[in-house]
Amino acid sequence: MKLSFHGADRNVTGSCHLLHAQGKRVLIDCGMFQGSHELDEENAEDFGFDPKSIDLLLLTHAHLDHCGRIPLLVKRGFRGEIITTAATRELTRVVLLDAAHLQEEEAERNTRHAHRRGDAQAQPLYTTLDALNALEFFGRTAVYGQTLELAPGLSATFFDAGHILGSASIRIEQTASGAHRSVIFSGDLGNGGHAVLRDPQLPPRADSVVMETTYGDRLHKPIEPSIAELFAAISETLKRGGNVVIPTFALERAQEILFYLREGLEAGKLPRTLPVFLDSPMAISATEIFRHHPECYGNAIDALFRAGSDPFSLPGLRFTREAADSIALNRLVGGAVIMAGSGMATGGRVRHHLRHNLGRHESSVVFVGYAARGTLARLLIDGATKVKLFGEEIPVHARLYTINWLLGARRSARTARLAASTQTRADHPGSRRSGQHGRVCRAAQKHPGTTPETRRCDRSLIPLYHDLKTAMTTHQKLEEITSLMTYLNKDYPTETRAFSNFMQKAEGGPALDKRMKELINVALSVAAQCEWCIAIHVKGALEAGASRDEVMSAGFMAVLMHGGPAMMYLTPIRQALDELGVPGGGAARPAV
């Protein structure tokens, strides 16, 4: 077996992995890079292999960053077989046709602008016809747990990944000359205890695992408090007389939100007459597809269908397929929940709704999914005070919420599955683990002598040096700090006092000195549970003149950003301080 990576390697989108085995070239996913305009150019570049040489494409699921370049693959010569689950096949059709339509629209707009400048005509990455042609290459349908022969001595088995409808982890096994080798491609993994979908299946052990790690470095909030936060955001917005705009991923996210809104109405936590608009033709089509695939349902959804209820139906739910109906929503002054794509606000109808609601103090915007760097959603989450939409500068006055129960598998669940699916190096010298969808930790980048495994720890995604207040309030509101500090003060009075001083100095403005920057780095490293990063930044903070108490206080930033028991975050810092020979209490410098 030989394996090469052509996307989502030390990056988050564009999944595309090529496996050579038994004389066959097998591609696992062929996704689109998403985020900045620079990535649009990367999508149009060569794949890094000849599409004509690919024999098979195994598709883990229908998200655009896993299937979005399939039409381009076919356009450039792929003539092999695409294998995936029945639900993924249906959803992929919707996703690719929608993507082609959006690209055609964007190319048309760019052509108009280019014509005025005298530039060449803009071309879409692929057209609707290209997408339809690509659908002709979908062949056999994979069934969870049933092995498919790819070639003599080469087989694949799909296991439910619990991420979106039809999603799968894929185990490929090779038998040659009496030797057996196996590799698992995790795809994107979902949480256990899912309301809409079944729990992820545990694959058998394998020699190697290629694993998505987008959220592998953090713990997410429990579902119940997150749902309560969603209901509170809606209720507070209704009281202010505004609208709630939810940038929505069409697949699974939209359906899960509809399910929980229905639960909120049934429990009396939301008004039964609440108007909810699903303003996304793709999400509407995906919701209809959900009803066709009971093999993917979680227990709660299955029970409702068996009882004759529709888990995605609400009394005030309205589908808006037509553009005219979508435009009419912009006349709503308040009192409505508007769910529209795209989830990262890079395109689609949600940009129009943001244009009409971001500047209003009464309204709210609720983010419930991942936002890549360079996207409008990421700019807003990171605290932008104004954004440009359709050539107009829009001030950001609406309240913003980031509710992250939907953001992938929890770290503990993922780690358990990984440990069970692959033997450690000590147990099996030939086994390997490769993290995909991962980013590279800045601290490790500065130290090239570290091993690849160490460098994959990653937590470079929050470069919040410019404003400590932004770092502290990424996941929790400022008004929550007072009550949290009171709680922490009972057990950690010294560190709490140091943190209070730390916070007051940092709120003075963006001009943070080296000591403050290193203390922020300590907090981010602790939140990431990256022991290598903690050791580096604890040492850096001490060298910059921070005291032991100030370094310990940085752990409270991790509490503010992620929640959880304070001791869980303080222990790694104490260990780093002890290893550096720093005595307890008082100012100190590392014993190096």
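Leaving ligands and nucleic acids out of the surface, order Lys24, Lys514 by accessible area at 1.4 Å, largest first.
Numbers: Lys24 70, Lys514 140 Å².
Ranked from most to least accessible, the order is Lys514, Lys24.
Express in nm, to one decimal, how much length is gained between Ala179 and Arg373 on full extension, taking 0.36 nm for each residue of separation and deducting their alpha carbon distance. The partial results should precede the final answer.
Details: separation 194, 0.36 × 194 = 69.84 nm, distance 4.37 nm.
Working it through step by step, the gained length comes to 65.5 nm.
Give, in nm to one decimal, the length gained when the segment between Arg140 and Glu392 is fully stretched (0.36 nm per residue of separation minus the Cα-Cα distance). If you can, show how the numbers build up before the last one.
Values: separation 252, 0.36 × 252 = 90.72 nm, distance 4.85 nm.
Residue separation times 0.36 nm, minus the Cα-Cα distance, leaves 85.9 nm.
For labels at Ser235 and Thr147 in the simple 7 Å Cα→Cβ model, what's the distance in nm?
For Ser235 paired with Thr147, the spin-label model returns 5.4 nm.
Please report the carbon-and-sulfur percent of the accessible area for segment 280-396; probe 1.4 Å, protein heavy atoms only, DNA, RNA and ligands left out. Don't skip to the end; give the middle numbers.
Working: 2630 of 5110 Å².
Within segment 280-396, the accessible surface is 51 percent carbon and sulfur.
Need one word for segment 123-256: rounded, prolate or oblate. Basis is the Cα gyration tensor (sqrt eigenvalues a ≥ b ≥ c); a/c below 1.5 gives rounded, then a/b vs b/c decides.
Working: a/c = 3.06, a/b = 1.69, b/c = 1.81.
It is oblate, given that a/c is not under 1.5 and a/b is not larger than b/c.
List the residues, sorted by chain then number, that are 5 or more residues from Leu400 or on another chain and whose placed amide H is less than 5 Å from its amide H.
Here the answer is Val365, since their amide H atoms fall under 5 Å of that of Leu400.
Arrange the peptides 177-184, 390-397 so that the one whose residues have, on average, the most other Cβ atoms within 10 Å appears first. Walk me through the intermediate numbers first.
Values: 177-184: 14.2, 390-397: 11.5.
With the highest mean Cβ count within 10 Å placed first, the list reads 177-184, 390-397.
With just the Cα atoms defining each centre, how far is segment 29-91 from segment 246-302? Give it in Å.
So the separation of the two Cα centres works out to 28 Å.
Hey, what's the Kirkwood Rh for segment 353-405 if you take every pair of different alpha carbons, in angstrom?
Details: mean 1/r = 0.0885 Å⁻¹.
When all Cα pairs of segment 353-405 are included, the Kirkwood radius is 11.3 Å.
May I ask you to derive the relative contact order of segment 96-137, considering only C-alpha pairs under 8 Å and at least 6 residues apart, and to give it as an integer percent?
Working: 35 pairs, mean separation 20.2, N = 42.
Taking the mean separation of contacting Cα pairs over the length of segment 96-137, I get 48 percent.
What is the local net charge at Asp29, summed over the other residues whose Cβ is closer than 11 Å to its Cβ (Lys, Arg +1; Asp, Glu -1)? It would help to have the intermediate numbers written out before the result.
Numbers: positive: Arg69; negative: Asp65, Asp188, Glu212.
Result for the neighbourhood of Asp29: -2.
With a 1.4 Å probe and all protein chains kept in place, how much accessible area does Lys52 have, in Å² rounded to the nearest 10?
150 Å²
With +1 on each Lys and Arg Cβ and -1 on each Asp and Glu Cβ, and nothing else charged, work out how big the dipole of segment 314-358 is about its Cα centre, in Debye to the nearest 20.
Working: 6 positive and 2 negative charges, 15 e Å.
Magnitude of the dipole: close to 80 debye.
Once you charge only the Cβ atoms, +1 for Lys and Arg and -1 for Asp and Glu, what is the size of the charge dipole of segment 1-133 about its Cα centre, to the nearest 20 debye? All intermediate terms of the calculation are to be shown ahead of the outcome.
Numbers: 15 positive and 20 negative charges, 76 e Å.
The dipole magnitude comes to about 360 debye.
Taking the Cα centre of segment 1-135 as the origin and placing charges on Cβ (Lys, Arg +1; Asp, Glu -1), which of Gln123, Leu102, Leu91 is farthest toward the positive end of the dipole?
Positive-most Cα among the choices belongs to Leu91.
Accessible area per residue, 1.4 Å probe, Å², for segment 295-350: what's the number? Before the final figure, lay out the partial values.
Details: 2590 Å² over 56 residues.
Here the residues of segment 295-350 average 46 Å² of exposed surface.
Note the full-extension length gain between Ala324 and Asp40 as 0.36 nm times their separation in residues minus their Cα-Cα distance, in nm to one decimal.
Full extension from Ala324 to Asp40 adds 99.3 nm.
Obtain the nm distance between the two label points defined at Arg272 and Glu108 by a simple spin-label model: each point lies 7 Å from its Cα along the Cα-to-C-beta direction.
4.4 nm
Given the pairs Lys24/Lys75; Lys239/Lys386; Lys2/Lys75; Lys75/Lys386; Lys386/Lys517, which are separated by over 30 angstrom at their Cα positions?
Details: Lys24/Lys75 21 Å; Lys239/Lys386 25 Å; Lys2/Lys75 26 Å; Lys75/Lys386 40 Å; Lys386/Lys517 26 Å.
Beyond 30 Å: Lys75/Lys386.
Show me the ranking of peptides 77-85, 65-73 by mean Cβ neighbours inside 10 Å, starting with the highest.
Averaged packing, sorted descending, gives the order 65-73, 77-85.
With r as the distance between the Cβ atoms of Asp50 and Glu579 and R0 = 41 Å, compute the FRET efficiency 1/(1 + (r/R0)^6) and round to 0.05.
On the way: r = 51 Å, r/R0 = 1.24.
The value I calculate is 0.20.
Placing +1 on the Cβ of each Lys and Arg and -1 on the Cβ of each Asp and Glu in segment 1-145, which of Val12, Phe137, Phe33 has its Cα farthest towards the positive end of the resulting dipole?
Phe137
Rounding to the nearest 20 debye, state how big the charge dipole of segment 356-402 is about its Cα centre with +1 on each Lys and Arg Cβ and -1 on each Asp and Glu Cβ.
Details: 6 positive and 4 negative charges, 22 e Å.
It works out to roughly 100 debye.
The values are calculated or read from the model by the stated rules, or taken from the named source; none is laboratory data. Every value quoted in this text rests on a predicted model; they were computed, and no experiment measured them. Reconstructed Cβ throughout: ideal geometry from the backbone, glycine too, with neighbour counts over all protein chains shown. The area values use the complete protein model at the heavy-atom level, side chains included, leaving out ligands, DNA and RNA. Shrake-Rupley method; radii C 1.70, N 1.55, O 1.52, S 1.80 Å.
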